[in-house]
Every structure is written in C-alpha cells, then in structure tokens.
Amino acid sequence: MTTTHLLYLHGFRSSPQSMKAQKVAARVAAQHPGAVWWCPQLPPSPAQAMAMVMQGTAHWPRSAMAVVGSSLGGFYARWLALQTGCRAVLLNPAAHPARDLGRYIGEQTHWHNPQQNFFFQPDYVDELRTLEHDIARLAAQQPAKPAQQFAIVAQGDEVLDWREMQAFCAGGVVRLLPGSDHAISDFDDHIDAMFNFLHLAD
C-alpha cells in the first residue's frame, strides 16, 4: 500500500527541528513531493498532543497514512496506529513513559531552543498512564504485524532500555542495532530501510 500522508512525532523536549525530523522532511520534499507531510510541535500535555494529532489527521485516509515517531513520539505513534489502523515506524520508542518521565516534573527547556520553557505537570504522567493502558488494551486485541509496523531499536541507547523497546515493538519488524545511541546518530545508514517500508507516493 502506498503512503500518501505522513506524520512525524518528535520526542520529549524535542521539536520539528530535530535531526531525524529534518532528514525525513528533506527526503519527503526532494523525492516524494506528492505526499502530504506534517510534523507539528507537540504540546507538553500528552492528552492535548494526541487530541491535536487526531484532529489534524481526522480527514486523512487511514489505509494510506503512516506515522513516524521518535522516543516519546514513538510511543505516541504506537498509540495512533492502534487508534487508526495506520502503519507506524517507531524510532527508539519510549515503552514506559509514565514511569520514566515522572522524574522530569517541573520546568523544562526545549533541546533545540533553550530559550523556550515549558512546565511538565504531574497530571501529564497520569495522561501518559492512560495512553499506556489504551495501548495495552488495543494491542491485545490487534497485535502488531510486520506489514504494519517497523522499528529501529539501538542497543547502545543511553536513555532507554533496548530490551523494553524490543518488547514494545513485538509483532512488527525490528531493526536491532548493535550499537548506535538514543538519537540514532547513524540514521543515514537506516533511512533507506525506513522509506522502503513506508513506500511513499511520488
């Protein structure tokens, strides 16, 4: 199935200016100008972020849309794929964000614009926990399949446990990297495989 609409979801404290988002955007623009591309700046509230994404993609064709998500964005991408049935690419996805982000409650800055601050509220952890329950419930009903989900998981990730990520991506295709890092600094070595999976429209 050809992908005509592609969504990219960035990670915690990240933005559309991230390295991977920029590389994917550039490739879509250069090689797939006919595809619809959207990479929004997500609000810090997980509930608001997913409401915005659902509203923004409400009129997208479910069978021809796909989502790429990195870290927390990979968690969001899994949730969205289960909600819509679309294909998903997960890049070092956060498997247990409610647990891991609880220690970040308070004032935070954006990686790509340290002058921009936001407050990560305790309620946001509860919102993540709700999304985790959604994923667990829906994944039990409709497990991931190789044709629907592709993941890149780095064993050298210094932030997330690769074993938890691998389990989170079970059922789909997992490209397990023996090294690399959380940012997937060697993303250029793997972007072709990702685009082969996505099969974007020209």
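If you take the residues in segment 102-116 that are free of Cβ contacts under 8 Å to residues at least 60 places away in the same chain and in a strand (DSSP E or B), which one is surrounded by the most Cβ atoms within 10 Å (Cβ to Cβ)?
Residues of segment 102-116 that are free of Cβ contacts under 8 Å to residues at least 60 places away in the same chain, as a first pass: 102-103, 105-107, 114-116.
Keeping just the survivors that are in a strand (DSSP E or B) gives 106-107, 114-116.
Working: 106: 9, 107: 9, 114: 8, 115: 6, 116: 13.
Here the residue is 116.
Restricting to segment 72-95, name every residue that is part of a helix (DSSP H, G or I) and among the aliphatic types (A, V, I, L, M).
72, 77, 80, 81, 82
With the checklist (1) part of a strand (DSSP E or B); (2) in contact with a Phe, Trp or Tyr (Cβ under 7 Å, 6 or more places away or on another chain) in hand, flag the one item residue 66 doesn't pass.
Evaluating residue 66 over (1) part of a strand (DSSP E or B); (2) in contact with a Phe, Trp or Tyr (Cβ under 7 Å, 6 or more places away or on another chain) leaves (2) as the failure.
Looking only at segment 130-168, filter to residues that are more than 23 Å from residue 50 (Cβ to Cβ) and of a type in the set (Gly, Ala, Ser); which one of those is most open to solvent (accessible area, probe 1.4 Å)?
So the residue we want is 147.
Given the conditions (1) more than 20 Å from residue 83 (Cβ to Cβ); (2) crowded, with 18+ Cβ neighbours inside 10 Å; (3) out of contact with any helix residue (DSSP H, G or I) (no Cβ under 6 Å at 6 or more places or on another chain), which single one is not true for residue 7?
Residue 7 satisfies every listed condition except (1).
Please go through segment 33-51 and pick out each residue that is surrounded by 19 or more Cβ atoms within 10 Å (Cβ to Cβ) and either in contact with a strand residue (DSSP E or B) (Cβ under 7 Å, 6 or more places away or on another chain) or farther than 15 Å from residue 9 by Cβ (or both).
Of everything in segment 33-51, those that are surrounded by 19 or more Cβ atoms within 10 Å (Cβ to Cβ) and either in contact with a strand residue (DSSP E or B) (Cβ under 7 Å, 6 or more places away or on another chain) or farther than 15 Å from residue 9 by Cβ (or both) turn out to be 35, 39, 42.
Looking at residue 125, is it among the hydrophobic types (A, V, I, L, M, F, W, C), in contact with a helix residue (DSSP H, G or I) (Cβ under 8 Å, 6 or more places away or on another chain), farther than 30 Å from residue 200 by Cα and buried (at least 16 other Cβ atoms within 10 Å of the Cβ)?
Numbers: among the hydrophobic types (A, V, I, L, M, F, W, C): yes; in contact with a helix residue (DSSP H, G or I) (Cβ under 8 Å, 6 or more places away or on another chain): yes; farther than 30 Å from residue 200 by Cα: yes; buried (at least 16 other Cβ atoms within 10 Å of the Cβ): yes.
Judged against the criteria, residue 125 is a match.
Given (1) at pLDDT 95 or above; (2) touching a Phe, Trp or Tyr at 6+ places or on another chain (Cβ under 7 Å), where does residue 14 come up short, assuming only one miss?
(1)
Limited to segment 131-170, what total is found for residues that are farther than 23 Å from residue 65 by Cβ, free of Cβ contacts under 8 Å to residues at least 24 places away in the same chain and of a type in the set (S, T, N, Q)?
Of the residues in segment 131-170, 1 are farther than 23 Å from residue 65 by Cβ, free of Cβ contacts under 8 Å to residues at least 24 places away in the same chain and of a type in the set (S, T, N, Q).
Let me confirm something: among 166, 155, 148, which residue is modelled with pLDDT of 95 or more, in contact with a Phe, Trp or Tyr (Cβ under 8 Å, 6 or more places away or on another chain) and among the polar types (S, T, N, Q)?
None of the other options fit; the residue is 155.
So, of the residues in segment 169-196 that are in a helix (DSSP H, G or I) and open to solvent by less than 30 Å² (accessible area, probe 1.4 Å), which turns out to be farthest from residue 36 (Cα to Cα)?
To start, the set of residues in segment 169-196 that are in a helix (DSSP H, G or I) comprises 187-189, 191-196.
Applying the additional criterion that residues be open to solvent by less than 30 Å² (accessible area, probe 1.4 Å) yields 187, 191, 193-195.
Numbers: 187: 22, 191: 19, 193: 20, 194: 17, 195: 15 Å.
Looking at the filtered set, the residue picked out is 187.
Just checking, does segment 64-80 include any residue being more than 24 Å from residue 164 (Cα to Cα), of a type in the set (A, V, I, L, M) and either out of contact with any Ser or Thr (no Cβ under 9 Å at 6 or more places or on another chain) or without any contact (Cβ under 8 Å) to a residue 40 or more places away in the chain (or both)? Break it down stepwise before answering.
Just the residues of segment 64-80 that are more than 24 Å from residue 164 (Cα to Cα), to begin with: 64-65.
If we keep only those that are of a type in the set (A, V, I, L, M) too, we end up with 64-65.
From what's left, either out of contact with any Ser or Thr (no Cβ under 9 Å at 6 or more places or on another chain) or without any contact (Cβ under 8 Å) to a residue 40 or more places away in the chain (or both): none.
No, segment 64-80 contains no residue that is more than 24 Å from residue 164 (Cα to Cα), of a type in the set (A, V, I, L, M) and either out of contact with any Ser or Thr (no Cβ under 9 Å at 6 or more places or on another chain) or without any contact (Cβ under 8 Å) to a residue 40 or more places away in the chain (or both).
The values are calculated or read from the model by the stated rules, or taken from the named source; none is laboratory data. Given the structure is predicted, the values throughout are model-derived calculations rather than measurements. Cβ: placed from backbone, ideal geometry, glycine included. Neighbour counts: every protein chain shown. Heavy atoms of the whole protein, side chains included, go into the accessibility calculation; ligands, DNA and RNA do not. Shrake-Rupley method; radii C 1.70, N 1.55, O 1.52, S 1.80 Å.
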